Amino acid sequence: MNEALDRAVEWLLNHQDVAGWWSGELETNVTMTAEHVLLMRFLGIDLSPIREGAIRHILGEQRDDGSWGLYYLGPADLSTTIEAYVALKVLGVDPTNQPMQRALRLMHEHGGVAAARVFTKIWLALFGHYPWSGIPSMPPELVYLPAWVPFNLYDFACWARGTVAPLLIVISRRPTRSLECDLSELVTPGTERLLSRIPGSGPFWWMDKLLKRYDNLPWQPGRSHARRRLVEWIVTRQEADGSWGGIQPPWVYSLIALNLEGMSLDHPIMRRGIEGQAGFTLSDQRSWRFQACMSPVWDTAWAVRTLRLAGMDESHRALSRAVDWLLREQISGGGDWQVRCSDTPCGGWAFEFENDTYPDIDDTAVVVLSLVETASGTEVGAAVERAVGWILAMRSRGGAWASFDKDNTRELVYRLPFADFGALLDPPSEDVTAHVLEMLAHVNCPEKDRAIVDGLAYLRSTQRSDGSWYGRWGVNYIYGTWCVISALVALKSRYPVQDMIDRATGWLLAHQNADAGWGESCHSYEDSSFAGIGRSTPSQTAWAVISLQVAGMGQHPACQSGLSYLRESQQDGTWKEREYTATGFPRDFYINYHLYRHLFPTMALAGARSD
């Protein structure tokens, strides 16, 4: 039984960086690479170093029907397909070849560029291949709005505000640069009149009409100053690695906006931003590709927890190096979170290597758990105390926690014609709240009792009638249910939660697949009747097995057969998983964390060792 665990532990140790951290590839859909190609063309950067590898990557992800999707085995996605096609054409792929023609047929069948999302249309507008009149207007003067006024920048989630701020410059400038190729074929015949149509109705539709009239006036008092204020806002949020927000969307649009405002490519800010992107690229014999983000803090915290559960002594060099690295990564400075939580010093961790502006509650809670399970001493105690204080201060109304901000719930932003991309807000979620409650169960803090009571009330109110919980950051109900069960079990000795645990484990037992694994497709975000339904995957099977183990059901036949599934599917000490089991934005953006397939099955095997 322990042979599979030993192999998995050895694999994990072999993949630790000498500095102490772990970070697996963060695989997403091809738009990250495609948009990087378009960014380079817009900025006039030579494409030849990445051309062949990027072509292999994009074509390698195309499906038989000619499409590209948001996730493995997912349906065709029009906007993703358009961006992939355009990037390939920019890279010099012959548009008459079979893969390109299949893609073009599919795009026409789905309505062509007129039916694409706003962000895809913006990319085409940058090169004169979509009319700016068909892009919803967003005035740069929004930068002046205080935090209590609707539609201010802080009404948007951190990832959205970091994208919206530079786009306010881009949309008001309405630039066009040469793409050096024609894209007229993207327009499905008969849809030409739709290209200038702004979606939506009511007052926001009329507001867009008025803004467009203003955009076309020869004199726009105050607009130049508003753009200068936005430049200041953007520049102050550039991270040490050159990124913005540690993620691709605000990064690329910030570079475009700053360039439009007069910063040349050799300006220190632009140069740092462009050079920093090299750290987010992966290149091998298979392809050249751009990652949307990197996850070293998250991966390291879970790796530490996994090794401790596997019985590794806290004095082991791998663990001590990881703990030292995590302690160095704790953030003490300010950030946008202070807009609604101004009186609390930071003690959080971010997801990335360099993202000090945006520490997040989810990472911080899991890092604290990894520290209290692994290390002790004055330095660790002080770090944990700062982190817990910050997390408690970041609690939203209603007693739950979001990821990055407090009370980021003003849903009015979704009424904007611009808002056709799902996640503009960062409301409290079941999985983040569960990680916080699990953390609070393991720390000493006199203020935690009220927070726990309120958090449990939130989880009780959000448990579905079938016993499961929604997963905001992992796919989906299996992930959410695992997170919450882990928290409830940690608290059940002091709080009446057993009934919730019983209903949740009952749901898991009812959704085991015939092959003894568990799986769930990203389609469950579109249709909740698909909760817990999908091809078995190592990570999702592990979440279910761990849930049963911590709930005291480690010897249940379902749990034992799930462990057999994990042992039998192990290959060379690890597991293979093509499916996307993590979530960026539900319904819009999904992730295949390459370490999920390893960390969580290893945790499940380690849990069996202690049963």
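Nothing in this text is a laboratory measurement; each read-out follows from the coordinates by a stated rule. Note that the coordinates shown come from a computational prediction; the quantities given were computed from them, not determined experimentally. Positions of Cβ are backbone-derived with ideal geometry, glycine not excepted, and every protein chain shown enters the neighbour counts.
Just to compare against my own numbers: the Cα pair-distance distribution for the chain, 10 Å bins, whole % per bin, please.
3, 16, 27, 27, 18, 8, 1, 0
Computed over the Cα atoms of the stretch 460-587, what is the convex hull's projected area averaged over all directions, in nm²?
Hull-based average projected area comes out at 7.9 nm².
Could you give the nm distance between label points at residue 281 and residue 45, where each point is 7 Å from its Cα heading toward the beta carbon?
Computed distance between label sites residue 281 and residue 45 equals 0.7 nm.
Once the other residues with Cβ under 15 Å from the Cβ of residue 401 are scored (Lys, Arg +1; Asp, Glu -1), what is the net sum?
-4
Compute the helix-to-body angle for 203-215: its Cα long axis versus the longest principal axis of the chain, expressed 0 to 90° and rounded to tens.
Result, in degrees: 50.
Pop a pseudo-label 7 angstrom from the Cα along the beta-carbon direction at both residue 213 and residue 498 and give the gap in nm to one decimal.
The two pseudo-label positions are separated by 6.9 nm.
Calculated from DSSP H runs of 4 or more alone, at -39500 (n - 2.57) each and per residue, what is the 222 nm mean residue ellipticity of the chain, nearest 500?
Computed mean residue ellipticity for the chain: -15000 deg cm²/dmol.
Calculate, axis by axis, the spread of Cα positions in the stretch 300-456 along the three principal axes, and write the results as whole Å, longest axis first.
55, 32, 29
What spacing in nm lies between the two simple spin-label points modelled at residue 181 and residue 151, each 7 Å away from Cα in the Cβ direction?
Roughly 3.7 nm, to one decimal.
For a Förster distance of 56 Å, can you work out the FRET efficiency between the beta-carbons of residue 224 and residue 514, rounded to the nearest 0.05?
Calculated transfer efficiency: 0.30.
Treating each Cα of the stretch 72-141 as an identical point scatterer and ignoring solvent, apply the Debye formula and state log10 I(q)/I(0) at q = 0.15, 0.16, 0.26 Å⁻¹.
Debye intensities relative to I(0), on a log10 scale: -0.53, -0.60, -1.25.
Using a 10 Å cut-off on Cβ atoms, rank the peptides 387-396, 9-18 from the highest mean neighbour count down.
Packing proxy ranking, top to bottom: 387-396, 9-18.
Kindly express, to the nearest 10 degrees and within the range 0 to 90, the angle between helix 223-235's C-alpha long axis and the longest C-alpha principal axis of the chain.
Long axis of 223-235 versus the principal axis of the chain: about 30 degrees.
With a Förster radius of 56 Å, plug the Cβ-Cβ distance of residue 343 and residue 97 into 1/(1 + (r/R0)^6) and report the FRET value to the nearest 0.05.
0.40
Show me 527-538, 443-454 ranked by packing, highest mean number of other Cβ atoms within 10 Å first.
Highest mean packing first, the order is 527-538, 443-454.
By how many degrees, between 0 and 90 and to the nearest 10, does the Cα long axis of helix 31-43 differ from the longest principal axis of the chain?
Taking Cα atoms only, the helix is inclined about 40 degrees.
Number of Lys-Lys pairs in the chain under 29 Å by Cα, sequence gap 8 or more or different chains?
6
To the nearest 0.05, what FRET efficiency results for residue 447 and residue 410 with a Förster distance of 35 Å applied to their C-beta separation?
Once rounded, the FRET efficiency stands at 0.80.
On full extension of the chain, what length is gained from residue 578 through residue 14, given 0.36 nm per residue of separation minus the C-alpha to C-alpha distance?
Gain on extension, residue 578 to residue 14, equals 200.8 nm.
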